[in-house]
Amino acid sequence: MQTFFQQLINGLSLGSIYALLALGYTMVYGIIKLINFAHGDIYMIGAFWGYYVINQYHVDFGVALVSSMVICAALGMLIEYLAYKPLRNSPRITALITAIGVSYFLENGMSFLFGANTRNFPQVVASHRFTVFGVAVTNIQLLIVTVSLLLMVALQLIVQHTRMGTAMRAVAVDQEAAELVGINPNHVISFTFGLGSALAGAAGVLIGLYYNSIDPLMGMVPGIKAFVAAVVGGIGSIPGAALGGFLIGILETFVQAIGLSAYKDAAVYVVLIVILVVLPAGIFGKNVKEKV
Amino acid sequence: MLNVVGLKVNYGAIQAVQGVDFTVNDGEIVTLIGANGAGKSTILKTISGLLRPSAGTITYNDQNLAKLSPSKIVAAGIAQVPEGRHVFEGLTVTENLRMGAYLSPKTRDEQLAAVYDQFPVLKERRSQDAATLSGGEQQMLAMGRAMMAKPKLLLLDEPSMGLAPIYINKIFDIIKNIHAQGVTVLLIEQNAAQALQVADRGYVLASGQVKMTGTGKALLANDDVRAAYLGG
Ligand SMILES: Nc1ncnc2c1ncn2[C@@H]1O[C@H](COP(=O)(O)OP(=O)(O)OP(=O)(O)O)[C@@H](O)[C@H]1O
Ligand SMILES: [Mg+2]
């Protein structure tokens, strides 16, 4: 029982990171039906930015987190403007391949500029371990889960209760009708990329603190897992992405805990396949027939 | 107020609108009638800026609309109720209406109260997902949403489509009521008899061209129009 709770805590921490990333995938997909394969790399840039400002300017965790969110939001919007916007009326596969290209560009660009080696993320928050009912919890884990939950609440407030958030939902369901009420879809799409990328930036700083190490390819596997999380939750659904992220994180830690470390990634893909077979629209997805 | 001259619109190789001229004067109700595929919706989408003309001009109070984005066209005072209603599903009735005032957030709440006065049924359903409304209610929501922008010119694309007769009468009453508030109306209908009754003037469209024009009364009395659109 103790191990169960122990793994649950570990799974929730990792799951928060996946959830933050999955939100970006799901929001972008919801609005322009693009799987933004470069999303995991924005998370990597967020981690590198945190590394840089903490080492260079000795800022504290809060400043690193917020500045990383701002930088990543700007980067996400820039990528959208330069790479995806010109393809707005092209076939979807074109944008998809472009996204893969952007991903390679960011990974290799960072390796080229800063080296492919793994770096130690500066520990701005001293790690403490304490034991509650025999379960070990670190303050870093609590920080990760708390910050993630706060960001998700903030996102929910923005999407549900602001003019821009409502416009996001309007464009996602009916772009033409949205244009007829005067919404400029370009602004809304740009805003969506900014919002998703900011969450990825936050996730990058949090994972740096948690795992201690960062490298230019660190976004690849978490990016794919977060994408799976978004599909499991029902792609396009915001609560679905959050739930999917936690589920995938928990699944991964449990598979590891029962001694099947080597299969932890495989387990995630098995879940993807099972979900696609039994619940093709995901947990919270609407079962709409897609017009292609 | 609105002046369309020599308008041509293509979808790729298909010429949907092939040189159409018409005018809407300030304060009028003008109707475009015509069979399926005549090009009516294409004309409205082009006025709203969703499609671009391949030839011709659309002038609205001395502004060339062909150069403006849909959002600028709404800001200039033209709102459209699209064919098939197109309410925002997943958004509540209130959220749908608020989106109608996207460009005028300052007067939004006061306009919302006015629209709820005009459409009490929407007020009753204000927290409901727009997708759960009946067809007639959705039509009212789409009209209320357009009114949220305080338009000077309202474009209506087949507002009575697919509705029961009792609802159709209601919709036409609302159109008269909106017109009485000083809004100029460009109405597209397949329900030609009722459209011509409320309209000051009408244009009969076929295969992307204007075939006939006149006052609502004159067209109603015209034998060719009666034969083709009013069931004899
Ligand atoms: N997106 C499109 N792509 C290609 N052709 C189109 C498209 N939309 C409309 N058309 C064609 O353009 C012509 C005019 O269509 P439009 O929708 O304007 O007609 P309409 O008069 O509004 O008809 P209805 O009464 O059925 O609404 C039709 O022949 C139609 O097939
Ligand atoms: Mg039509």
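What the table shows:
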{"read-out": "Any pair with Cβ under 6 angstrom, 6 or more apart, that starts in segment B:63-86 at a residue that is touching a residue at least 60 places away in the same chain (Cβ under 8 Å) and ends at one that is charged (D, E, K, R)", "value": "B:GLY77/B:LYS152; B:PRO82/B:ASP157; B:GLU83/B:ASP157; B:GLU83/B:GLU158"}
{"read-out": "Every pair of residues 6+ apart whose Cβ atoms lie under 7 Å, when the first sits in segment B:42-57 and is more than 10 Å from chain A (Cβ to nearest Cβ) and more than 18 Å from B:LEU186 (Cα to Cα) while the second is of a type in the set (D, E, K, R) and open to solvent by 10 Å² or more (accessible area, probe 1.4 Å)", "value": "B:PRO53/B:LYS8; B:SER54/B:LYS8; B:ALA55/B:LYS8; B:GLY56/B:LYS8"}
{"read-out": "Number of the exception - B:LYS106 against (1) within 30 Å of A:HIS161 (Cβ to Cβ); (2) out of contact with any Asp or Glu (no Cβ under 8 Å at 6 or more places or on another chain); (3) part of a helix (DSSP H, G or I); (4) away from chain A (no Cβ under 14 Å)", "value": "(4)"}
{"read-out": "Given (1) basic (Lys, Arg); (2) assigned to a helix (DSSP H, G or I); (3) within 16 Å of ligand 2 (Cβ to nearest atom), number of the condition B:ARG85 does not satisfy", "value": "(2)"}
{"read-out": "Every residue from segment B:15-36 that is touching a residue at least 24 places away in the same chain (Cβ under 8 Å), out of contact with any Asp or Glu (no Cβ under 9 Å at 6 or more places or on another chain), open to solvent by 10 Å² or more (accessible area, probe 1.4 Å) and not acidic (Asp, Glu)", "value": "B:GLN15, B:ALA16, B:GLN18, B:GLY19, B:ALA35, B:ASN36"}
{"read-out": "Any hit, segment B:15-29, residues being out of contact with any helix residue (DSSP H, G or I) (no Cβ under 8 Å at 6 or more places or on another chain), away from chain A (no Cβ under 14 Å) and within 11 Å of ligand 1 (Cβ to nearest atom)", "value": "yes"}
{"read-out": "Complete set of residues in segment B:34-82 that are assigned to a strand (DSSP E or B) and either within 16 Å of ligand 2 (Cβ to nearest atom) or closer than 19 Å to A:ASN186 by Cβ (or both)", "value": "B:GLY34, B:GLN80, B:VAL81"}
{"read-out": "Residue that is nearest to A:LEU78 (Cα to Cα) [pool: residues in segment A:159-199 that are part of a loop (DSSP other than H, G, I, E, B) and within 7 Å of chain B (Cβ to nearest Cβ)]", "value": "A:ASN184"}
{"read-out": "Contacts under 9 angstrom Cβ, first residue in segment B:149-164 being within 12 Å of chain A (Cβ to nearest Cβ), partner within 16 Å of ligand 2 (Cβ to nearest atom) and in a loop (DSSP other than H, G, I, E, B), 6 or more apart", "value": "B:LEU155/B:SER48; B:LEU155/B:PRO82; B:ASP157/B:PRO82; B:ASP157/B:GLU83; B:ASP157/B:GLY84"}
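The values are calculated or read from the model by the stated rules, or taken from the named source; none is laboratory data. Please read all numbers here as calculations on a predicted model, not as lab measurements. In this analysis, Cβ positions are derived from the backbone assuming ideal geometry, glycine residues included, and neighbour counts consider all displayed protein chains. Note: areas computed on protein heavy atoms with side chains; ligands, DNA, RNA excluded. Shrake-Rupley method; radii C 1.70, N 1.55, O 1.52, S 1.80 Å.
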